[in-house]
1. Please give the charge dipole size of region B:38-82, origin at the Cα centre, charges +1 on K and R Cβ atoms and -1 on D and E Cβ atoms. Round to the nearest 20 debye.
2. How much of the accessible area of the protein assembly as shown, probe 1.4 Å, is carbon plus sulfur, in whole percent?
3. Mind putting a number on the dipole of region A:1-74 about its Cα centre? Charges go on the C-beta only, +1 for Lys and Arg and -1 for Asp and Glu, and I need it in Debye to the nearest 20.
4. In Å² (nearest 100), what accessible area is buried between B and A, both sides summed, heavy protein atoms only, 1.4 Å probe?
5. Compute the accessible area of each residue in region A:34-72 twice, once for its chain alone and once with every protein chain present, using a 1.4 Å probe on heavy atoms, and list those whose area falls by at least 50 Å².
6. Step through the residues of region B:55-61 one at a time and calculate ³J(HN,Hα) from phi using the Karplus curve (6.51 cos²θ - 1.76 cosθ + 1.60, θ = phi - 60°), rounding each to whole Hz and writing x for Gly and Pro.
7. Treating only the Cβ of Lys, Arg, Asp and Glu as charged (+1, +1, -1, -1), what charge dipole size does region B:50-112 show about its Cα centre? Round to the nearest 20 debye.
8. Which lysines does B:Lys83 reach when only Cα atoms under 19 Å apart count, and residues fewer than 8 places away in its own chain are ignored?
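The values are calculated or read from the model by the stated rules, or taken from the named source; none is laboratory data. These figures come from a predicted structure and were not determined experimentally. In this analysis, Cβ positions are derived from the backbone assuming ideal geometry, glycine residues included, and neighbour counts consider all displayed protein chains. Ligands, DNA and RNA are excluded from the accessible area calculation, which covers all protein heavy atoms including side chains. Shrake-Rupley method; radii C 1.70, N 1.55, O 1.52, S 1.80 Å.
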Amino acid sequence: AQTVTQSQPEMSVQEAETVTLSCTYDTSESNYYLFWYKQPPSRQMILVIRQEAYKQQNATENRFSVNFQKAAKSFSLKISDSQLGDTAMYFCAFAEYSGAGSYQLTFGKGTKLSVIP
Amino acid sequence: DGGITQSPKYLFRKEGQNVTLSCEQNLNHDAMYWYRQDPGQGLRLIYYSQIVNDFQKGDIAEGYSVSREKKESFPLTVTSAQKNPTAFYLCASSMVGAHTEAFFGQGTRLTVV
């Protein structure tokens, strides 16, 4: 089974500063996809950013960017100019083909990020 | 508005009773998923379905059952065989394909007393 590891259960950052959340994963496949999801206190899961494994260029969405290191199986999320609304649980997720036309999305245990005014 | 709806938001049941959680989507997605979320455990996959009348077990399927009779609906039954059913349950849907974004419902908090 695929595994996704987020080694930082909790982190905090000052407003307007930059923070990096870590994620590593384990797979024997070469074609897969990686995601970061955000879960604010409302508990609504929201996609933050997506990365295709076959693309070498790191994905960027406004203040959010990733550092994708395929050989190291690492997928970290950088949040620049942190805002109070970024306070949330952040989940790293991994998707790959699981056979018979099916795809399985596996999540890490999450990192609780607090943005401090 | 297109979206995915879970009901109810809060559910209380007595121990030993089966309970069914509803999940409906009008996004025309083929794939639907059920996850369980516990503190410190992240999201764990219970069942998923890529097409009507077909579904696969996830990592923690024991004590749960599902059906997929319609594309729009993927109800989850928590049976009395589930040893620790109190949890937050999330339903999601997506287009088929590993690259596609999963859209989530608001979740159902199940408390068994």
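1. Dipole size: approximately 100 debye.
2. 46 percent
3. Its charge dipole is roughly 160 debye.
4. 2000 Å²
5. Residues losing area: A:Arg43, A:Gln44, A:Met45.
6. 7, 10, 6, x, 7, 9, 6
7. Once rounded to the nearest 20, the dipole reads 140 debye.
8. B:Lys14, B:Lys57
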